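The values are calculated or read from the model by the stated rules, or taken from the named source; none is laboratory data. Because the structure is a prediction, the values reported are computed rather than measured. All Cβ positions, glycine included, derive from the backbone under ideal geometry; neighbour counts span all protein chains shown.
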Amino acid sequence: VKKIAVLTSGGDSQGMNAAVRAVVRSAIYHGIEVFGVQRGYQGLLNDDLRPMDLRSVGDIIQRGGTILQTARCKEFTTPEGQQRGADILRARGIDGLVVIGGDGSYQGANKLSKLGIKTMGIPGTIDNDIPYTDYTIGFDTAVGIVVDAINKIRDTMSSHERTSVVEVMGRHCGDIALYAGLASGAETIIVPEVPYDINEVAERMKHNFAKGKRHSIIVVAEGAGRGEDVANKLTELSGIEARVTVLGHIQRGGTPTAQDRILASRLGDFAVRQLIEGNSGKGCGVIDGELVTTDIDVVTSTKRPFNMEMYDLALRLSQ
Ligand code: ATP
């Protein structure tokens, strides 16, 4: 490969900029020309590419969001759109592409790979819903934001006898709820991966209050239901007032943690080196500290395993 491009796609996440920076600087280090595609696959179809130099990615490692912006693009999900995307890259002499995004973005990269463009996927999403990597870029920051928010909610909650229901993001994945729940001492963690009985949640709450607990935190992953519904039901069943907080998009903003920046830097550089070695159609990840690649076909057709051990631990410690 002589010329590559990089794009960010799908939902943005903290650390995407650090990944873009790593891709650009690693490519230049290896003597490869690199282009930034503005606004994901939509920008690709608009031929919205610009050459990136060392300075173009200066002062962004600490910034949330993505300087390349992101978009969702319907046209690119069609075979015609994908062919046009491959043609646009080829016309510019670009034979490699690094895609930073989630599941859908990976599938787009895979289509391009089958059309002869070498592609590498980097997991950029706060949801941690991509398998074959322990963590996705942005997850650590998002969990930190949730924990920070729950600390604040706790301060005011313990002054009253109340339950606080906190709804967090994660799409169909319960990892943000699980990690943030464990880290903030939540009494109950409701995730899409584990069936739950609201009567049991209410009973446990009543039991714990009877044993002297003065407040309880219930974390609800958006994939498992609406925090408001859970709060209403709990108030009705237990007689203890439950207040709901929906954290929303603040979970996707702010400066990335050191861990997310390090993950992004390692994965960005690794993706470039994989392209140089001639690999294509792979998702990059870190498992037990080691950099790994996995066929995108496999990544996108596998459901991420849920950490039941951690879930049980959180429950055991929450009495
Ligand atoms: P996140 O999970 O953070 O939202 P994502 O990458 O899963 O990220 P999507 O909206 O699913 O977000 O995908 C981003 C873009 O990738 C889509 O707008 C579309 O252009 C492209 N894409 C999604 N699915 C496919 C597919 N099956 N084939 C080709 N392109 C796809």
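Overview of results
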| read-out | value |
| --- | --- |
| Residue check, THR119 part of a loop (DSSP other than H, G, I, E, B) and in contact (Cβ under 8 Å) with a residue 60 or more places away in the chain | no |
| Members of region 39-51 that are within 22 Å of ARG63 (Cα to Cα) and surrounded by fewer than 21 Cβ atoms within 10 Å (Cβ to Cβ) | ARG39, LEU49, ARG50, PRO51 |
| Selection count, region 224-235, where residues are small (Gly, Ala, Ser) and surrounded by fewer than 20 Cβ atoms within 10 Å (Cβ to Cβ) | 1 |
| Residue within region 133-140 that is of a type outside the set (Gly, Ala, Ser), assigned to a helix (DSSP H, G or I) and closer than 25 Å to GLN251 by Cα present | yes |
| Test: LEU182 is farther than 20 Å from PRO256 by Cα and within 16 Å of the ligand (Cβ to nearest atom) | no |
| Residue within region 75-86 that is at positive phi, out of contact with any Phe, Trp or Tyr (no Cβ under 6 Å at 6 or more places or on another chain) and at pLDDT 95 or above present | no |
| Among (1) surrounded by fewer than 24 Cβ atoms within 10 Å (Cβ to Cβ); (2) at pLDDT 95 or above; (3) in a helix (DSSP H, G or I); (4) away from the ligand (no atom under 11 Å from the Cβ) - the single one ALA177 does not satisfy | (1) |
| Criterion: modelled with pLDDT under 95 and surrounded by 24 or more Cβ atoms within 10 Å (Cβ to Cβ) - qualifying residue of THR141, THR163, THR156, THR136 | THR163 |
| One residue from ARG92, ARG154 being within 30 Å of LYS206 (Cβ to Cβ) and of a type in the set (Lys, Arg) | ARG154 |
| Among residues of region 86-105, those that are over 13 Å from the mean Cα position of the chain (by Cα) and within 9 Å of the ligand (Cβ to nearest atom), counted | 1 |
| Count of residues meeting criterion [of a type in the set (Phe, Trp, Tyr) and free of Cβ contacts under 8 Å to residues at least 24 places away in the same chain] in region 1-51 | 1 |
| In region 52-85, residue farthest from ASP140 (Cα to Cα) [restricted to those that are in contact with a strand residue (DSSP E or B) (Cβ under 6 Å, 6 or more places away or on another chain) and more than 13 Å from the ligand (Cβ to nearest atom)] | MET52 |
| Selection count where residues are surrounded by fewer than 22 Cβ atoms within 10 Å (Cβ to Cβ) and part of a helix (DSSP H, G or I), scope region 180-200 | 5 |
| Identity of the residue in region 117-163, of a type in the set (A, V, I, L, M, F, W, C) and within 24 Å of ASN279 (Cα to Cα), that ends up farthest from the ligand (Cβ to nearest atom) | MET120 |
| Flag for LYS114 being within 16 Å of the ligand (Cβ to nearest atom), modelled with pLDDT of 95 or more, of a type in the set (Lys, Arg) and within 30 Å of ASP297 (Cα to Cα) | yes |
| Considering residues of region 8-38 that are within 16 Å of the ligand (Cβ to nearest atom) and more than 16 Å from the chain's Cα centre (by Cα) only, the residue surrounded by the fewest Cβ atoms within 10 Å (Cβ to Cβ) | GLN38 |
